[in-house]
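Below is one structure, written out as C-alpha cells; comments come after it.
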Amino acid sequence: MKRIHSAKDPLMIGHLKNVMATFGIKCVTRKLDLISAAGQLPPTECWPELWVVDDDKASRARAILKKTLAPLASVKKPWMCSGCGEKIEGQFSECWNCGCDRAGVKSPGMIKLASLSHRR
C-alpha cells in the first residue's frame, strides 16, 4: 500500500476515495479519528490519509488526484462579457448583467429585473 494524499478535511479524503473508485482504483483511509490528538501531536501528523491498496496503481492515482485537485482553468482569471462589456469573476460561467455565457451566447431564460418591475 502507498499513501497518495493527506488533507485536513476528512470529507475531502472521502470524496477523493470515491473519485478513485470511479477509476477502478481501490483505496483505504487512515487516521480519520486521529484529529482529536492534534495538540498532543503535530497537526499535519493527525490529518486523514488516502492509501492505494495496489502499489502498481499509485502513479495513476497520483495523476488522477493532480487533475482532480487542480483549479479549473476558467477560475484562474476574470473574463470580459462580449455582450455588455462587464468584467466577470473567473468562477462564473454567465454574465450577471446580460446573461451571455463566455462564448457570447445569451441565455434564453435570462430576464432583466427592470422588466419585472413593470409587471403588476
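None of the figures in this text is laboratory data; all of them are computed from the coordinates on show. Please read these numbers as outputs of a predicted model, since none were measured by experiment. Cβ coordinates were reconstructed from backbone atoms using ideal geometry, including for glycine residues, and neighbour counts include every protein chain displayed.
Quick notes on this one:
- Note on the chain: Kirkwood hydrodynamic radius from all Cα pairs is 17.9 Å, rounded to one decimal.
- Here the calculated FRET efficiency for residue 70 and residue 28, from their Cβ-Cβ distance with R0 = 30 Å, stands at 0.80, rounded to the nearest 0.05.
- With the cut-off at under 20 Å, measuring from each backbone N in segment 1-34 to a point 7 Å along the Cα-to-Cβ line of residue 59 picks out 1-5, 20, 23-27.
- At R0 = 22 Å, FRET efficiency that the Cβ-Cβ distance of residue 105 and residue 77 yields, to 0.05: 0.60
- Among 3, 30, a tally of other beta-carbon atoms within 10 Å of each Cβ gives an order, fewest to most, of 3, 30.
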